[in-house]
Amino acid sequence: MRTAPVGQIFVIENHKLDYDRATQANRQVLEELDPPGGKNWCGCDWVQAYKEFRKYFTDDYDFFAMIPDDGMSQPQPHHLHVFNNVVGINYDYGNYFDIRRCFDSTRLQGIAALAQGLVTRFERLHELAHRWGAYVLFKRSPSDQTDHDDLINTDHHWSSNFNADFSSVVGKSGANWTDNRNGTFLKTIYDQSDPRVRYCSLDLYLMGMLTPDEVGTFFYVDNLKGVKPGDLIHYTGRRNDLEVRNIEWAHGRRQPNAAHSQRTFRLACVVLTKNLAQGKRLAHNLQQARIDFGNEFRKFTDSRGLVDTHLYNSSYDGIYIKHHALDTGIEPMNGVFWNSPDIWVRHAKNGNNWAYVRVRNNGTKPSGEVTVNLFQSDRSGTEFLYPQDWRWEKQHHIDDSKTIGSVPAGGKKTLRFKWDHTKVATAAKNHLCLLAEILPSHPTLTKLRYVWQDRRIAQKNLTILSPTRGRNDIKFPFTIGAHTLPQRSVRIRVEQKGGSSLGEISLDLGEKYEADKEAKPWGGSVVKRNGHFVFVIGIGNDVVMPSSWDSNQIGGHVPLPLSEGELKKLVLRAKWDKSTPPAKVRLAITQLNEQYEVVGGLDLLIGK
């Protein structure tokens with residue numbers, strides 16, 4: 001056996017990986033998991049191929065894309081099931097299924113067996129998605145005694161009667177249905193080569209990326225009849241609307257839910273060959289397809305999920321971005337984490353704008369290849385969760401991904417990103433922040449997480465406000481909360497950290513405010529002004545200021561309820577005496593959870 005890494009793809013030369021040469025134990029695993037099994041279906045001994053890979057890499061991968069070259073037996077593309085602990089998706093092998101012991105793994109979830117390489121978007125998305133679907137049945141009501149299978153066909157793909165919205169989890173083709181609202185429907189058939197292939201909202205729910213409310217209504221059509229003989233496009237039929245609750249009546253709620261599901265996955269791309277030179281050529285040709293795999297998954301999960309296709313090893317363990325000046329890369333970290341000194345911006349005289357990201361390595365050996373991405377947020381806010389707020393759309397992704405061949409042990413490297421002037425204008429107008437990431441992703445953190453929990457991500461959430469000449473006030477709109485998270489209570493704290501004296505500082509809470517009898521405001525009071533509830537800092541009978549503060553520093557915090565996935569808009573207002581405009585005023589807005597832990601924040605600088 002010989003091996004070779006080619007970029008971020010690993011090549012294994014082994015003449016004994018054909019299915020015909022599999023051990024009886026391995027063959028039994030393959031045939032039980034992949035009916036009808038056999039050489040024509042499996043092609044290769046995936047169990048042994050995985051074990052060969054593990055001789056060189058640790059147990060750091062959720063998925064594998066196994067790609068036999070032309071000299072190997074070619075499989076039917078399929079997903080080899082290894083592990084499940086998700087309830088509510090009607091998984092083919094039960095709510096809890098685990099054969100990791102057969103692979104000597106504690107992390108592996110499945111293997112995508114791909115014939116002829118990573119050649120199509122459809123195959124890349126399709127086989128990975130079989131980890132979660134399509135297996136679901138539904139009931140029409142809680143008392144319905146029948147589990148209906150109209151959404152799926154017999155081989156675990158979406159039915160042609162389901163409005164699949166270009167889902168990749170179909171057979172050779174899928175169908176979109178347009179309801180003409182007169183009892184007739186237009187059927188649009190798409191195949192595996194369609195450039196619109198993606199994940200539909202029901203796919204994303206099953207994958208743990210969306211809440212039931214975010215999925216909304218979906219439908220299938222039955223009692224179909226062609227409008228004219230031979231017409232395969234126009235039909236009469238009956239529309240059947242469903243919601244996630246119909247699936248929950250059949251299988252129970254998805255557990256874990258979207259707030260607690262795994263969101264970042266590690267996938268290794270492995271080429272199998274009997275001729276190392278030939279396998280290396282294939283691996284070289286597949287490098288862009290590997291990159292596309294990760295980018296497509298991110299795009300078509302609406303940035304709710306991430307698949308990292310880097311080959312991970314211990315040389316990456318020391319990679320991080322500083323969250324504040326004293327940060328040494330220890331997790332989780334304390335202190336203000338939303339103003340990273342390793343992210344900064346410069347404006348060139350020629351009109352170009354450049355953003356910089358510094359990557360550090362506190363490890364004892366040089367790292368492998370590192371990829372860095374920089375984004376601007378989709379909102380001005382206090383709370384951002386990775387990966388879903390590091391949005392992959394063009395309007396949020398700043399410049400292309402940047403690659404570093406290696407970061408030296410104990411050293412650092414800086415990357416420069418061109419920040420398009422139109423994006424800069426949007427960011428300035430809407431007070432957006434910068435969000436950075438390093439790939440490979442964190443080796444153990446896989447769920448939604450904050451910057452302070454993960455040293456591979458960082459943010460620059462600093463806004464500079466210039467008062468309008470002649471005015472004695474300024475306002476700053478921002479949002480609190482995050483998509484997906486369940487109903488909860490938070491606190492918003494506003495503090496002046498320095499600068500000249502201000503007059504009144506207040507938070508406009510909107511037209512509705514539910515006062516909590518037990519959780520009261522601190523450092524101010526909630527009053528009603530012009531139909532809005534306003535938290536005014538520094539007034540009220542219970543105002544107590546820390547004795548260590550200077551006379552020109554004020555602060556307070558107010559409790560606020562948030563519904564599931566709510567992004568609540570607030571407006572901060574500051575006033576001052578016209579004769580003394582603000583100078584070097586720094587305000588910190590912080591979001592805390594019910595345990596008074598800081599989960600997010602932003603800094604405001606007012607005046608020169």
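A few notes on this one:
- The label-point distance for residue 530 and residue 566, in a model that sets each label 7 Å from Cα toward Cβ, rounds to 2.3 nm.
- Total formal charge among the other residues, if their Cβ is under 14 angstrom from that of residue 321, Lys/Arg +1 and Asp/Glu -1: +4
- Taking a straight Cα-Cα cut-off under 16 Å and skipping sequence neighbours fewer than 8 places away in the same chain, the aspartates and glutamates within cross-link reach of residue 497 are 550, 603.
- Placing +1 on each Lys and Arg Cβ and -1 on each Asp and Glu Cβ, with no other charges, gives segment 358-458 a dipole about its Cα centre of roughly 340 debye.
- Take the Cα of residue 281, step 7 Å toward its Cβ, do the same at residue 573, and the gap between the two points is 7.3 nm.
- For segment 253-262, Karplus couplings with θ = phi - 60° (6.51, -1.76, 1.60), whole Hz, Gly/Pro x: 5, 5, 10, x, 7, 5, 6, 10, 7, 5
- In the chain, the DSSP-assigned H stretches of four residues or longer account for a calculated mean residue ellipticity at 222 nm of -4000 deg cm²/dmol, using -39500 (n - 2.57) per stretch and the full residue count as denominator.
- One entry in (1) 1.09; (2) 1.18; (3) 0.98 is Cα Rg over 2.2 N^0.38 Å calculated from the shown coordinates; its label is (1).
- Computed over neighbours whose Cβ is under 10 Å from that of residue 246, the net charge equals -1, Lys and Arg +1, Asp and Glu -1.
- Full-stretch length increase - residue 2, residue 334 - with 0.36 nm per residue and alpha-carbon distance subtracted: 114.9 nm
- Rounded to the nearest 20, the Cβ-based charge dipole of the chain about its Cα centre (Lys and Arg +1, Asp and Glu -1) stands at 2280 debye.
- Between 0 and 90°, nearest 10: helix 421-430 axis offset from the chain longest Cα axis: 60
- Each of 410, 477, 348 was placed along the dipole of the chain (beta-carbon charges, centred on the mean Cα), and the one lying farthest toward the positive end is 348.
- Of the trypsin sites (Lys or Arg not before Pro) in segment 146-250, those whose Cβ has at most 14 other Cβ within 10 Å and which sit in DSSP loop: 172, 181, 196
- Normalised by the number of residues in the chain, the mean separation of alpha-carbon contacts (under 8 Å, six or more apart) gives a relative contact order of 11 percent.
Every number in this text was worked out from the coordinates using simple rules, so none of it is lab data. None of these values were measured; they are calculated from a predicted model. Note that each Cβ is placed from the backbone with ideal geometry, even for glycine, and that neighbours are counted across all protein chains shown.
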